[in-house]
Amino acid sequence: MKYRPEIDGLRALAVIPVILFHAGFELFSGGFVGVDVFFVISGYLITTILIDDIENKRFSIINFYEKRARRILPAMFFVMLVCIPFAWMLMMPSQMTDFSQSLVAVSLFSSNILFWLESDYFAAATEQKPLLHTWSLAVEEQYYVLFPIFLILAWRYGKNRAFGMIVVMAAISLLLSEWGWRNKTSANFYLAPTRAWELLAGSITAFIVQKRGVQKNNFLALLGLSAIIFSIFAYDEGTPFPSVYALLPVVGVVLLVMYAEKDTFAARLLSTKVFVGVGLISYSAYLWHQPLFAFARIRLIEHPSLTLMLSLSVAAIILAYLSYRYVEQPFRNKGQLSRSRIFIISILGISFFTCVGLAGHFYPKEFEKIWLSRQTLLTQNMYEVLSKPSNWSALDEDTQEKRSCIFNVTELNEELERKILECREQYDKGILIIGDSHAIDLFGSVDSRREHPFLIGVTQGGCRLHNNYDHCQYDRVVDFLNAHPATFRVVIYEQAGFYLLRERDGTKGSRSMFTERSIGERIDNVVVDEEHINLVLEFLYALSDTIKVNWFLPRAEPHIASSFILKNGCNYQYSYRPNLYETFEVLDTYIDNLVRERFEGRINTVSQNQMYNFDFPSDFMNCDTIYWTDGDHLSASGEEYFGKRLTSELLE
């Protein structure tokens, strides 16, 4: 295959925005599309190689896998090896367990599956996972394993039919991703079936270029380059991805590959020494950046400054050059390392990291003991406090079975509905709590009072009325309430508050609005999200036709990291960030006024902040227990502690 320097330049255009996006530079709000650019490039290059080998009758699956092993594994193994001692020195036991699991998953080309399974609201902070970025490498590796086998089998039916099959598969994958972002957001993001169309777009391009050659069209090449650049700066974390929105950067890459002939402006720009140089080391740069960022975030406790993150970005480029020069290039040289040695090294590497990872997974207590032995007495005491159960015991399935009319589930089914109706006969009308993971906290608080023998929770992390994905519980709940309106005396809704807020520039609310600010930094430029609030109220308003509805308005969330608590101990004067509490008061007022003005007062809004009347630091923790966990949820003791402050205003 003829070398095209503009492809390496395109790699540079992909990796730099990814690094700066992960570093936290808001200007590169859509820098994540660099991963999609990589996918298209990989699909194009791999398919071009395969077509050439198949047509010239020299295709060998062993040769193909050998080349992939030389290209991918040595640098990846080297970065993983360097990560291990830093993880040992800097990580807490729970983080070390997560890291150990990721070592196994990365070694087995399945880290995207692991991170999908971990993508819930109680998982470790994603920014503190050194190998999180390998999810995209896993997607590519799965493509490398399966696509050559598919292509050689499909080729038996002819080249044109093989091409048609790829087009159909790409279309199905795109449609699946469009469904996925609405219904299975985490799976859509991490898993190969909804990412395959981007790789297959590169494959389709390879067929076209192989037939027609690279065409010279300045306008289309520049249009493709502009599409990529536009998406880097215009997209943000609120953009559904992957979805039809990903067509912009994907088609941009396709246009460049097809029409950026060497004399076009776009090709000349991307073929400059700087672009090509960065492109050549882009794989290593991608490998290095996330571990550097993650360990910095772990070490510094509070969010690192942009100056530091920029310095680490530069460090990633420097390390990338070194690993490219002294790791990647030697292993690609067949004169230095034979095929058998490459396969032996690959097997040994996979085995080593799998064993290390399994040891960390199966023996977490041993690491915990070693970690505690290195800590001060203050840290040891705080660790014991933080290690207490994070949720009220009523969520335990065995406990729920013993207390048949007090249970919390993620969704209803026929058996549970019959059980609820039996409880109605036994106890008269009950209380129903619905919402996301914050509603789980409320269920625990109400249950801890031991006053309500008929208490049902239908709650699910990530499911809020303003998204209401297909897998969420609300539609089934509404159907049940419409069919049996006299079952409950009240429905109480609660959800996390930051999803009802947004940045002033329009960026949708997330934990990062608070967690990326230091403890003493003022919360500014955060406003109410009118769209999300209206969606919630419209649902609750319709529900109020059937039953009394109380909305337990969001609580002000401290978002204080466990690492900060471990360092500062129980006597520290913990408090909200400046203006954070006031931001939630503004949210309360906005919702109250909107209910009166547009929804006829039919929804009863109850201020959680006023009912709990938070008084920090005493309402955050003491030297025996902590009332919060992971920044915004309540701990088991917190659910019981604040449950004592609940009044009939909410429960009746």
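The values are calculated or read from the model by the stated rules, or taken from the named source; none is laboratory data. The model shown is predicted, which means the values in this text are computed figures rather than measured ones. Note that we place each Cβ from the backbone using ideal geometry, even for glycine, and neighbour counts take in every protein chain shown. What goes into the accessible areas is simple: the full protein's heavy atoms, side chains included, and nothing from ligands, DNA or RNA. Shrake-Rupley method; radii C 1.70, N 1.55, O 1.52, S 1.80 Å.
Given the DSSP H assignment, sum -39500 (n - 2.57) over each helix run of at least 4 residues in the chain and divide by its residue total; what's the result at 222 nm in deg cm²/dmol, nearest 500?
-19500 deg cm²/dmol
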The distance between the Cα centres of region 575-652 and region 549-565, in whole Å, is 8 Å
For region 41-112, shape from the Cα gyration tensor axes a ≥ b ≥ c, cut at a/c of 1.5 then a/b versus b/c, turns out prolate
Quick P(r) readout (region 170-251; Cα-Cα; 5 Å bins; whole %) gives 3, 15, 21, 21, 19, 12, 7, 3, 0
Rounded to the nearest 10 degrees, the helix 306-323 long axis (Cα) sits at an angle to the longest Cα principal axis of the chain of 40 degrees
Once all protein chains are kept in place, His361 shows an accessible area at probe 1.4 Å, nearest 10 Å², of 80 Å²
Placing each pseudo-label 7 Å from Cα in the direction of the beta carbon, Ser338 and Ile61 end up separated by a distance in nanometres of 2.4 nm
With every protein chain in place, the accessible area of Cys623 for a 1.4 Å probe, in Å² rounded to the nearest 10, comes to 70 Å²
Ordering 171-179, 194-202 by per-residue average of other C-beta atoms within 10 angstrom, highest first, gives 194-202, 171-179
Lone Cys, the chain, Cβ cut-off 4.7 Å -> Cys83, Cys355
Any trypsin sites (Lys or Arg not before Pro) in region 580-611 that lie in a DSSP loop and have at most 12 other Cβ atoms within 10 Å would be none
Rounded to the nearest 10, the angle in degrees between the Cα long axis of helix 339-362 and the longest principal axis of the Cα atoms of the chain comes to 10 degrees
Reported to the nearest 10 Å², Leu300 has, with a 1.4 Å probe, an accessible area equal to 80 Å²
Taking 28-40, 418-430 and ranking on average Cβ neighbours within 10 Å, highest first, one gets 28-40, 418-430
Contour minus Cα-Cα span, Lys419 to Asn467, at 0.36 nm per residue, comes to 14.4 nm
Pairs over 29 Å Cα to Cα, from Lys419/Lys508; Lys419/Lys548; Lys129/Lys567, come to Lys419/Lys508
Here the net charge surrounding Ser340, from other residues whose Cβ is less than 14 Å away from its Cβ (Lys, Arg +1; Asp, Glu -1), is +3
In degrees, nearest 10, the alpha-carbon axis of helix 93-107 is tilted away from the dominant principal axis of the alpha carbons of the chain by 30 degrees
Here the FRET efficiency for Arg161 versus Met1, based on Cβ atoms and R0 = 22 Å and rounded to 0.05, is 0.40
Between Val145 and Tyr590, the two model label points (7 Å from Cα along the beta-carbon direction) sit apart by a distance in nm of 4.6 nm
Among (i) -0.24, -0.34, -1.39; (ii) -0.39, -0.53, -1.28; (iii) -0.27, -0.39, -1.31, the value of log10 I(q)/I(0) by the Debye sum over Cα atoms at q = 0.05, 0.06, 0.12 Å⁻¹ computed for this structure carries the label (iii)
Here region 132-138 yields Karplus 3J(HN,Hα) values (6.51, -1.76, 1.60; θ = phi - 60°; whole Hz; Gly and Pro given as x) of 4, 5, 6, 4, 6, 5, 5
Computed about the Cα centre, the charge dipole of the chain from +1 Lys/Arg and -1 Asp/Glu charges at the Cβ has a magnitude in debye, to the nearest 20, of 3640 debye
By accessible area (1.4 Å), largest first, Leu151, Leu386 order as Leu386, Leu151
Cα-based Debye curve of region 434-511 sampled at q = 0.14, 0.21, 0.22 Å⁻¹ gives log₁₀ I(q)/I(0) of -0.54, -1.01, -1.06
Between the alpha carbon centres of region 418-464 and region 475-546 the gap in Å comes to 19 Å
For the chain, percent of DSSP beta bridges that are antiparallel (nearest 5) comes out at 30 percent
Projected onto their principal axes, the Cα atoms of region 475-593 stretch, largest extent first, over whole-Å spans of 53, 34, 23
Note on region 245-342: alpha-carbon gyration tensor, axes a ≥ b ≥ c; rule is a/c under 1.5 for rounded, else prolate if a/b larger than b/c, else oblate; result oblate
Pseudo-spin-label distance Arg504 to Ala483, built 7 Å along Cα→Cβ, given in nm, is 5.0 nm
For Lys57, counting only lysines whose alpha-carbon sits under 27 Å away and dropping same-chain residues fewer than eight positions off, the answer is Lys2, Lys67, Lys159, Lys211, Lys334
